[in-house]
1. Scan region 122-161 for residues that are touching a residue at least 24 places away in the same chain (Cβ under 8 Å), over 22 Å from residue 104 (Cα atoms), assigned to a loop (DSSP other than H, G, I, E, B) and over 30 Å from the mean Cα position of the chain (by Cα) and report the count.
2. Looking at (1) under 30 Å from residue 249 (Cβ atoms); (2) in contact (Cβ under 8 Å) with a residue 12 or more places away in the chain; (3) out of contact with any strand residue (DSSP E or B) (no Cβ under 6 Å at 6 or more places or on another chain), which one does residue 431 not meet, given that it meets all the others?
3. Do the conditions hold for residue 296, that is, is it surrounded by 19 or more Cβ atoms within 10 Å (Cβ to Cβ), farther than 30 Å from residue 491 by Cα and either in contact with a Gly (Cβ under 7 Å, 6 or more places away or on another chain) or in the same structural domain as residue 265 (by TED's automatic domain parsing) (or both)?
4. Residue by residue through region 174-191, note down the ones that are touching an Asp or Glu at 6+ places or on another chain (Cβ under 8 Å) and hydroxyl-bearing (Ser, Thr, Tyr).
5. For region 420-443, which positions are of a type in the set (D, E, K, R) and either modelled with pLDDT of 90 or more or not assigned by TED's automatic domain parsing to the domain that holds residue 257 (or both)?
6. Here are the criteria: (1) closer than 14 Å to residue 419 by Cα; (2) assigned by TED's automatic domain parsing to the domain that holds residue 227. Tell me which single one residue 492 does not satisfy.
7. Restricting attention to region 466-474, does a residue exist that is in contact with a Gly (Cβ under 9 Å, 6 or more places away or on another chain) and either of a type in the set (S, T, N, Q) or under 19 Å from residue 378 (Cα atoms) (or both)?
8. Restricting the search to region 339-357, which residues are touching a helix residue (DSSP H, G or I) at 6+ places or on another chain (Cβ under 9 Å), buried (at least 18 other Cβ atoms within 10 Å of the Cβ) and within 24 Å of residue 296 (Cα to Cα)?
Amino acid sequence: MIQKIELELLKKEDYQEVKETMIEAYHTMPDSFWKEHHINALIEKFPEGQVALKVNGQIAGCALAIIVNIDDFKDSHTYKEITGNYTFDTHTDDGDILYGIDVFIRPKYRGNRLGRRLYEYRKELCEKLNLEGIVFGGRIPSYHKHADTMSPKQYIEKVKLREIHDPVLNFQLSNDFHAIKVLKGYLEGDKASQEFAVLLKWNNIYYEKPTKNINVSKTIVRLGLIQWQMRPYNSLKELMEQAEYFIDALSAYKSDFALFPEFFNAPLMAAYNDLGEAEAIRKLSEYTQPILEEFSKLSISYNINIITGSMPELIDNVLYNVGYLCKRNGTIERFEKLHVTPDEERIWGMKGGSKIKTFDTDCGKIGILICYDVEFPELSRLLALEGISILFVPFLTDTQHGYSRVRHCAQARAIENECYVAIAGSVGNLPKVHNMDMQYAESMVFSPCDFSFPPDGIVSKATPNTEMVLISDVDIDLLKELHNYGAVKNLKDRRTDIYEVKKLKMS
């Protein structure tokens with residue numbers, strides 16, 4: 001099971017593990033692995049271009065690259081020529097193109113979209129170094145099956161039309177690379193491709209003429225909010241298929257987060273409608289662990305951080321309202337609802353949790369509060385003092401009155417804590433589930449109210465009571481400017497000489 005994914009620069013002492021990975025990846029081409037002096041040369045010439053993807057501490061794949069001046073090479077160059085007869089002397093820090101030398105993944109980890117992470121790293125590196133784009137010669141390993149009946153050009157067109165499946169070329173095209181031309185005699189000994197390759201390129205749309213001051217920091221975070229439609233589901237599989245549909249959509253738009261609502265899995269309680277409400281929700285809690293495991297797999301496969309909304313969880317016969325942050329690196333963290341509503345306590349016998357914490361992510365520090373908790377300003381203030389930039393609030397409200405409490409309190413939290421707040425809820429109805437029959441929601445993203453932000457503090461909002469996703473970009477650097485140069489400075493201007501908010505130590 002994948003527990004943790006890490007992306008690291010390759011080190012010389014990694015070679016033996018790299019060799020083992022290459023042998024597994026290229027089992028059909030047993031002599032096609034790089035020797036130790038090759039890897040050492042790449043690391044010495046261009047350390048940032050050589051990256052290892054580790055799963056549970058083991059190297060699962062690698063990407064190798066150099067920088068070249070593409071105009072120095074003929075259109076019909078070979079692999080041997082572009083690498084300088086495998087010396088990589090063709091690399092130059094002053095080049096304009098990131099040239100992909102190799103990408104490989106251990107077979108047992110294929111199918112988890114790990115290759116995409118290596119390509120995303122290359123794209124980010126290309127943008128960071130302000131290069132024109134990424135180029136490489138892509139193998140067409142299924143071509144030998146069709147070489148007698150069609151030319152490489154005809155083969156490529158059929159792959160584009162999905163009439164032929166070529167695992168390598170299909171992957172490249174789906175990652176925004178486009179074919180420039182066919183290369184003949186590209187890789188000596190590549191019988192599967194008949195020594196043909198496709199010259200592929202990805203264009204860096206942010207490319208500018210080189211300057212000495214290159215802005216390398218990425219400050220824009222893309223939020224994906226799922227306004228979930230409550231509808232009957234016959235099984236957990238059906239529920240998760242719908243969840244994956246939304247995750248897939250958000251991933252396609254390169255969202256960094258997917259936020260699900262509170263108790264989004266409530267439709268599964270319909271099977272226990274013959275029981276009392278307290279017994280039914282305890283039966284629902286039996287799905288929490290399987291759902292968590294599926295979400296963790298999806299966060300890895302779709303390369304997106306998933307906030308699971310919330311679900312009931314039974315611990316030592318005590319029922320809690322909890323959620324999980326499934327990070328795209330494979331790690332999982334838990335959060336609790338601290339203030340349960342009167343109905344949750346009276347009808348379900350639910351108890352409030354006791355832990356409040358922030359979460360470090362690849363997009364900065366975030367906080368998560370479940371529904372009613374956002375109506376208690378002390379909680380978000382504690383999170384703000386620990387440095388969050390974004391507060392996520394999964395909620396479930398049955399009436400417009402309840403929704404308005406969550407909505408207006410959430411917006412207040414954004415202003416007073418100088419952070420972004422994203423809220424996501426469910427819509428529709430569940431006539432066969434007691435105590436969950438109606439839902440009302442209008443999911444939103446809020447910002448502080450200052451000159452760099454929308455005047456009304458609303459970054460974006462969904463259509464009320466309609467199933468949809470809301471995708472919104474937020475700029476973290478604007479918060480830093482606000483903290484120091486805002487028209488008002490809510491956090492800095494606090495009178496800590498007369499009051500304070502602090503956590504109590506729990507026994």
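The values are calculated or read from the model by the stated rules, or taken from the named source; none is laboratory data. Note that the structure is predicted; figures quoted are calculated from it, not measured. Counting neighbours? That spans all protein chains shown, and the Cβs are built from the backbone with ideal geometry, glycine included.
1. Residues in region 122-161 being touching a residue at least 24 places away in the same chain (Cβ under 8 Å), over 22 Å from residue 104 (Cα atoms), assigned to a loop (DSSP other than H, G, I, E, B) and over 30 Å from the mean Cα position of the chain (by Cα): 1 in total.
2. (2)
3. Details: surrounded by 19 or more Cβ atoms within 10 Å (Cβ to Cβ): yes; farther than 30 Å from residue 491 by Cα: yes; either in contact with a Gly (Cβ under 7 Å, 6 or more places away or on another chain) or in the same structural domain as residue 265 (by TED's automatic domain parsing) (or both): yes.
Yes: the conditions hold for residue 296.
4. Matches in region 174-191: 186 only.
5. Filtering region 420-443 for residues of a type in the set (D, E, K, R) gives 432, 437, 442.
442 - this is the single residue of region 420-443 that is of a type in the set (D, E, K, R) and either modelled with pLDDT of 90 or more or not assigned by TED's automatic domain parsing to the domain that holds residue 257 (or both).
6. (2) is the only condition that residue 492 fails.
7. Within region 466-474, the first condition is being in contact with a Gly (Cβ under 9 Å, 6 or more places away or on another chain), and the residues that meet it are 467, 469-472.
Subsequent filtering for residues that are either of a type in the set (S, T, N, Q) or under 19 Å from residue 378 (Cα atoms) (or both) retains 472.
There is at least one residue in region 466-474 that is in contact with a Gly (Cβ under 9 Å, 6 or more places away or on another chain) and either of a type in the set (S, T, N, Q) or under 19 Å from residue 378 (Cα atoms) (or both).
8. 356
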